[in-house]
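**Q** The structure follows.
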Amino acid sequence: GRGAVFQGQHALSRKQTTVPVFGVRKGKATTGASTGSRLFSSEEDDDYDDDDEDVDSDEPLSKGIDSVSWLPTVAGAKPGSGADDDSIRDGAEVLPLFPLGGIVYTPNSEHILNIFEPRYRQMYTDILMNGTKRFVVSMSHPSEKGRFAQTGVLFELEDLKEVSEQTNDQIKYICNHKVTGRVKLYQVMNPEEWESRETYLKVEGTIMDDTGKDGASDANDDAAEVKPDEPGMSSDVYSALSAVLGNNLSKPEKDLKTSFADLVDIQHDLAEDVRFTKASVAALAVASGAGEDGLWQTIRLWQAYADQRLVARQNELQKDFQDKLQEFLRKEKGMTEDELPSAISFQDLSPQLQKEVQDLQKRMAVELEPLILESTLTMQKILEAQDHDARCELLRFFIDAERKRLNAKKLLRGMFASSDDEEDDDEEENLDAPSPASEAPTSMFDDPDAFQ
């Protein structure tokens with residue numbers, strides 16, 4: 001899950017008793033993501049910054065948390081307040097619900113879950129016994145307990161291993177799943193079980209298949225098949241070549257590829273530490289359906305990109321403290337470079353360093369938690385889009401927003417560069433001239449945080 005990405009943040013939470021001595025990686029941080037080939041590279045992000053912009057009411061996330069659709073809360077539900085099977089809508093069915101916190105999963109991905117809670121042990125027993133082998137996963141509301149996103153995903157069980165003996169019954173099953181589609185949720189059938197925790201929740205929902213195995217259609221699935229003109233060229237090869245050349249793309253797909261190319265250009269102009277490679281532009285997957293050239297691949301890539309930027313920013317926030325911590329271990333504890341541990345007990349720190357840890361926790365919460373929430377809501381908004389074209393347009397919006405942020409950064413960098421050049425020229429011309437006593441220093445350059 002995404003929790004593993006934010007190693008440093010979790011290590012500094014109040015529930016932890018150790019403090020990391022190094023960042024997410026010891027030494028120079030280099031990270032990347034891959035969907036068959038490496039599509040973006042990253043290093044420590046020393047210039048990460050988010051520029052505040054005026055909120056447009058037409059923007060997808062202009063309403064914040066309420067920009068995505070939520071079911072009514074089940075917290076405080078009374079016994080007998082649930083619905084019965086007679087109220088099920090046409091085309092809908094009752095499915096088990098497995099809420100998994102603030103994580104957004106996407107179709108055509110695979111995930112492993114460790115099952116230990118009694119009610120979910122029962123859920124797996126039930127889906128094995130009735131042969132369905134599937135359940136719904138929906139994101140939990142970030143601030144309201146017992147409230148879930150109205151659009152979830154369908155997990156289908158592919159493999160299950162019982163590990164009770166090996167784990168002393170701490171974990172019952174280790175399960176591998178594939179996400180095969182989205183699910184539109186209408187209501188929780190047994191809301192009172194949220195409080196009692198005696199069994200798992202069940203929801204009424206309509207499955208929207210995303211694998212193509214059930215003949216599901218999307219925006220471009222009904223397009224006429226284009227035959228190759230060259231003799232001896234198979235349809236599969238022709239289709240792949242057409243995709244690379246940009247033929248047969250819908251307008252939303254072409255616009256998405258154009259926006260992505262513009263973003264990559266400015267990332268490389270600015271030498272961003274977390275950036276997509278040039279080769280990723282031609283290889284960008286924008287097609288409908290479940291194949292390797294499908295849009296969901298790119299959506300997951302964008303999610304990974306957001307995660308890497310958060311890790312880079314987290315490393316930047318921790319760096320000054322970790323430098324002090326390493327110096328403390330060398331001087332006060334007499335450790336050599338090779339003896340430095342990966343983590344140290346909070347109680348072993350000096351009072352001053354303990355206070356700095358607490359201050360760092362607060363700063364990281366203030367700066368990172370809103371960014372994490374924005375990334376999560378972005379993925380949920382894309383997940384609940386009506387069709388393939390709508391997903392293309394939403395992803396393009398978020399790519400354009402990132403490009404605008406970098407354009408503003410480039411403009412500010414140009415302002416700094418031109419001002420520095422002018423000052424250098426003035427110093428050369430007036431090398432021997434005394435500075436006027438009344439001339440105040442420019443706040444732009446004296447305050448390092450003026451543009452942060």
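The values are calculated or read from the model by the stated rules, or taken from the named source; none is laboratory data. Source: prediction; values computed, not measured. Here Cβ is always computed from backbone atoms with ideal geometry, including for glycine, and neighbour counts include all displayed protein chains. Surface areas here come from the heavy atoms of the whole protein model, side chains and all, with no ligands, DNA or RNA. Shrake-Rupley method; radii C 1.70, N 1.55, O 1.52, S 1.80 Å.
**Q** Do any of LYS178/LYS257; LYS133/LYS178; LYS145/LYS172 go past 22 Å between their Cα atoms, and which? Don't jump to the answer; show the numbers that get you there.
**A** Numbers: LYS178/LYS257 27 Å; LYS133/LYS178 11 Å; LYS145/LYS172 26 Å.
LYS178/LYS257; LYS145/LYS172, as the Cα separations exceed 22 Å there.
**Q** While we're here: Determine, from the Cβ-Cβ distance of THR206 and GLU374 and an R0 of 30 Å, the FRET efficiency 1/(1 + (r/R0)^6), rounded to the nearest 0.05.
**A** 0.60
**Q** Got a sec? Which residues in the stretch 355-385 would a label at ARG330 touch, if it sits 7 Å along Cα→Cβ and we count backbone N under 17 Å?
**A** Within reach of a label on ARG330: no residues.
**Q** Still on this structure, I have one more. With a 10 Å radius around each residue's Cβ, average the other Cβ atoms per peptide and rank 122-130, 376-384, 160-168, highest first. Mind showing how you got there, number by number?
**A** Values: 122-130: 14.6, 376-384: 22.1, 160-168: 12.0.
Ranked by mean Cβ neighbours within 10 Å, highest first: 376-384, 122-130, 160-168.
**Q** I need the calculated FRET efficiency for the pair GLU393 and ASN248, taking r as the beta carbon distance and R₀ as 22 Å, to the nearest 0.05. Don't skip to the end; give the middle numbers.
**A** Working: r = 19 Å, r/R0 = 0.84.
Using R0 = 22 Å, I get an efficiency of 0.75.
**Q** Let me ask another. Across all directions of projection, what mean area in square nanometres is found for the Cα convex hull of the stretch 249-329?
**A** Working: hull surface 27.9 nm².
Quarter of the Cα hull surface area: 7.0 nm².
**Q** Next up: Relative to a virtual label point 7 Å from the Cα of ILE171 in the Cα→beta-carbon direction, which members of the stretch 110-125 show backbone nitrogen distances below 11 Å?
**A** 112-116
**Q** Follow-up. Any idea of the accessible area per residue across the stretch 317-361, 1.4 Å probe, to the nearest Å²? Display every interim value, and only then the final one.
**A** On the way: 2740 Å² over 45 residues.
Accessible area per residue, the stretch 317-361: 61 Å².
**Q** Please check which bits of the stretch 64-80 a label hung off ALA408 would reach, taking the label as a point 7 Å along Cα-to-C-beta and the cut-off as backbone N under 20 Å.
**A** The answer is 64-65, whose backbone nitrogens lie closer than 20 Å to the label point.
**Q** Separate question: Pop the C-beta distance of ASP338 and LYS63 into the FRET formula with R0 = 41 Å and round what comes out to the nearest 0.05. Walk me through the numbers on the way to the answer.
**A** Values: r = 53 Å, r/R0 = 1.29.
It comes to 0.20.
**Q** While we're on this one: Suppose accessible area is computed on protein heavy atoms with a 1.4 Å probe; arrange SER140, SER280 from highest to lowest.
**A** So the residues, ranked largest to smallest area, are SER140, SER280.
**Q** Put a dot 7 Å past each Cα toward the Cβ at VAL366 and LYS278; how far apart are the dots in nm?
**A** 4.2 nm
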